[in-house]
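A short worksheet on the structure shown next.
The values are calculated or read from the model by the stated rules, or taken from the named source; none is laboratory data. Computed from a predicted model, the values in this text were never measured in an experiment. Cβ sites come from the backbone with ideal geometry, for glycine too, and all protein chains shown count toward neighbours.
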Amino acid sequence: MSKYETPDYATVIKEEEYEIRKYVDFFIVEYENSNDPEIRSGFGSLFKYISSDNKDNEKISMTVPVIQEETNGKKKMAFVVPGKYSDQIPEPNNPNLTVKKFAEGLFGSIRYSGFSNQSKESAMKKKLDRWIEEKGYQKQSNYMLASYNAPFVPPMFRRNEIWVRISEV
């Protein structure tokens, strides 16, 4: 198990690498910068934020996963805010960082190992689409890539997931 805090959820259905999860509300700090469409500075900006580059100059514990999402050709990256800050989240100094609520809801997920790349992510999205449709759900959001490991973790031990918000048909 991970030594890092993760968002709370209940497992509704679990089959092999697939899950339907019911997440409760949690907060994220999201990096979005129209001058950085590939989010090359995303992780560094978020890491600086948790390393005390915030209005409270407070060091914030690392959490997992790091969540990436693509919307209208623009990418975003986010850290999950530790639960202890839910009522008073340190405000970012960086104007490209925003505190947002990740609203509760049902999510379909597929888990895979190794290094993630576009072709692997595309294949996982297609598999997840078929599975959630078979289970009587439909997609309600963009896909999100959830990464759980530091870069030095060997590929066979890495945990990646594709998430999508869903609803019953």
Fill in: Selection count, region 17-26, where residues are closer than 20 Å to I60 by Cβ and surrounded by 19 or more Cβ atoms within 10 Å (Cβ to Cβ)
1
Worksheet item: Looking at this structure, is K48 of a type in the set (K, R), buried (at least 16 other Cβ atoms within 10 Å of the Cβ) and closer than 20 Å to Y148 by Cβ?
Response: no
Worksheet entry | Boolean, I39 is hydrophobic (A, V, I, L, M, F, W, C) and either at pLDDT below 95 or part of a loop (DSSP other than H, G, I, E, B) (or both) | yes
Worksheet item: Does S116 count as farther than 19 Å from D8 by Cβ and within 18 Å of the chain's Cα centre (by Cα)?
Response: yes
Worksheet, complete the sentence: If you go through E32, E91, the only one that is of a type outside the set (G, A, S) and either closer than 22 Å to W163 by Cβ or buried (at least 17 other Cβ atoms within 10 Å of the Cβ) (or both) is E32
Item to complete: Could you tell me which of the residues E19, E70, E5 is within 15 Å of A146 (Cβ to Cβ) and either at pLDDT below 95 or touching a helix residue (DSSP H, G or I) at 6+ places or on another chain (Cβ under 6 Å) (or both)?
Response: E70
Practice prompt. Just one of (1) within 14 Å of I162 (Cβ to Cβ); (2) aliphatic (A, V, I, L, M); (3) in a helix (DSSP H, G or I) trips up L46, so point out which.
Written response: (1)
Worksheet item: Does D129 satisfy the criteria of being among the charged types (D, E, K, R) and either in the same structural domain as P65 (by TED's automatic domain parsing) or at positive phi (or both)?
Response: no
Discussion item. Surrounded by fewer than 19 Cβ atoms within 10 Å (Cβ to Cβ), under 17 Å from the mean Cα position of the chain (by Cα), at pLDDT 95 or above and not acidic (D, E): is that true of T98 in this structure?
Written reply: yes
Fill in: Tabulated pairs, region 39-67, first without any contact (Cβ under 8 Å) to a residue 12 or more places away in the chain, second outside any loop (DSSP other than H, G, I, E, B) and not hydroxyl-bearing (S, T, Y), C-beta under 9 angstrom, 6+ apart or interchain
F47/F79; K59/I50
Discussion item. Which residue is surrounded by the most Cβ atoms within 10 Å (Cβ to Cβ), if the candidates are limited to region 160-169 and must be among the β-branched types (V, I, T) and part of a strand (DSSP E or B)?
Written reply: I162
